[in-house]
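What follows is a set of notes on a single structure, which appears directly below.
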Amino acid sequence: MDTSYRTSLELNQKQQLSQSQIQSLNILALDNGELSEFLQNEYIENPILDYSPSPSSYTVSEDRSFDIPAENTEEVKTFLLDQLNQNDFTPMEWQTMKFMIDCLDSGGFFKISVHELSVLLTIPEDEIRKCYDVLSDLEPAGIFSENLSQCLLKQLEVKGKKTDILETIILDHLDDIALGHISTISRKLKISTAEVRKSIAVIRNLNSKPLQGFSTARTEYITPDIIVTYQEDQWDIRLNDDWVGNYSLNDYYVKMLRDAKDPELKDYFQKKYERCRFIIASIEQRRQTMLKITEAVLARQPDFFLNHGCLKPMTMNDVAGDIDMHVSTVSRGIKGKYLQFPCGIVSMKSLFSGAAPASGASVSTGDIKMILKELVASEDPRKPYSDQKLCNLLKDKGISISRRTVAKYREQMGIKGTYDRKET
């Protein structure tokens, strides 16, 4: 073989391998939310990748019960009424709207008919309808909808994304979406499966229950990526990614790949097939890597996870050595990930720290900060400790760090300086 050709071939192979490794590491760095979004985008673009949604996704329910959580009723009412100017309405209209808000179910749906409410309140139907029109334009978009379809269409209108195709799918094919019947929608609407998938992706990004998890404080809830439990003297580790199993190879298009005679078509499907296999393999590799990292962390921090103790100094290099992986792999494996254990939820990154210089045993940065916080909490507020005094007190405990380091840790914890802490 020509030497120059062989060299070029070897370089190309190495470059291709390097690109694959980079893509695989990028998948490893995704948290569960990012991974879900990544797979949805792949599913939209790649006909070989199939997705079978959970049966509960966008199923239509006509339950007419009113299950308002009492503790949230006033909060919801205040949030909605604050968007209105009371002076723009008559006393009767204002009271009617307050009553209608109380009739919302826990998801934000309004399932009492205008006629029923008119009879109940002895108010003309046109007055009820006027109040309803005002309330149904409030935020969050879709609130006061009578059913799921109306709720989704309202959100599309507000976002300026409503199209005839999306409206038809929402009105006639929500059950097909729930069952994964893409070909049924494609056939009835005479559009490609790719267009159906893109439409479904738009719909899935809408909120099926406007008041679900409602809080005026907009509290952010963390979904753990890893869940560990302790039973019979051993840890059980599982990844919170069961939904990944909804993705698989589409048998119909795999058969098309095998049977295709047209070289161009065969090449197209072959590339899509290889992309699918690569993604599925990368996700499995991601799972194994995260499990190994978690095992190593649990082994190094038994006091923290079992006895509510302090974290020991532990670096990513330490864990990388334990599991025979490169430190950059560990770094990506913990990026943005949260771990749930019997005592709560912690970010994986927060479990790692370097050892601070100290006489005697190594003490982690986290431990030093905890001690500093306790010292400040116990000081006389009329004579708060200076950074130098805190430095000396730490030295008495066998921890030798500079005054500047004390100041840095104090600022990182949001603790004010001596002058600002002083109380007269």
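The values are calculated or read from the model by the stated rules, or taken from the named source; none is laboratory data. Given the structure is predicted, the values throughout are model-derived calculations rather than measurements. We place every Cβ from the backbone using ideal geometry, glycine too, and count neighbours over all the protein chains shown. Ligands, DNA and RNA are stripped out before the accessible areas are found, and what is left, the full protein with its side chains, is counted by its heavy atoms. Shrake-Rupley method; radii C 1.70, N 1.55, O 1.52, S 1.80 Å.
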>> Placing unit charges on C-beta atoms (Lys and Arg positive, Asp and Glu negative, everything else neutral), compute the dipole magnitude of the chain about its Cα centre in debye, rounded to 20.
In response: 2060 debye
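Suppose the chain between L306 and T90 were pulled fully straight at 0.36 nm per residue; how much longer would it get relative to their current alpha carbon spacing?
Here the segment from L306 to T90 would lengthen by 71.6 nm.
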> Quick one: putting +1 on the C-beta of Lys and Arg, -1 on the C-beta of Asp and Glu, what dipole do you get for segment 366-424 around its Cα centre, in Debye to the nearest 20?
Replying inline: 160 debye
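Over all alpha-carbon pairs in segment 121-247, figure out the percentage whose distance exceeds 23 Å.
The share of Cα pairs beyond 23 Å in segment 121-247 comes to 54 percent.
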>> Running a GNM on the chain with Cα contacts under 10 Å, which residue among M325, M348, M92 ends up with the highest mean-square fluctuation?
In response: M92
> If T122, T193 are ordered by their accessible area, calculated over protein heavy atoms with a 1.4 Å probe, which sequence runs from highest to lowest?
Replying inline: T122, T193
> Which of the pairs K383/K416; K188/K272; K271/K337 have their Cα atoms more than 24 Å apart in this structure?
Replying inline: K188/K272; K271/K337
>> Taking 8 Å as the Cα distance limit and 6 or more residues as the minimum spacing, I'd like the relative contact order of the chain as a percentage.
In response: 17 percent
> Relative to the present Cα-Cα distance, how much length would full extension add between A178 and E264 at 0.36 nm per residue of separation?
Replying inline: 27.6 nm
> Can you list the aspartates and glutamates whose alpha carbon is less than 12 Å from that of K408, not counting same-chain residues fewer than 8 positions off?
Replying inline: D387
>> Compute, for segment 109-261, the length of the dipole vector about the Cα centre, with Cβ point charges of +1 (Lys, Arg) and -1 (Asp, Glu) only. Units Debye, rounded to 20.
In response: 820 debye
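Quick one: length gained pulling I165 to R421 fully straight, 0.36 nm per residue minus the C-alpha distance?
Taking I165 through R421 to full extension adds about 85.9 nm, to one decimal.
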> Top mean-square fluctuation among L117, L206, L291, Gaussian network model of the chain, C-alpha springs under 10 Å?
Replying inline: L117
> Can you give the calculated 222 nm mean residue ellipticity of the chain, where each DSSP H run of n ≥ 4 adds -39,500 (n - 2.57) and the sum is split over every residue, rounded to the nearest 500 deg cm²/dmol?
Replying inline: -17500 deg cm²/dmol
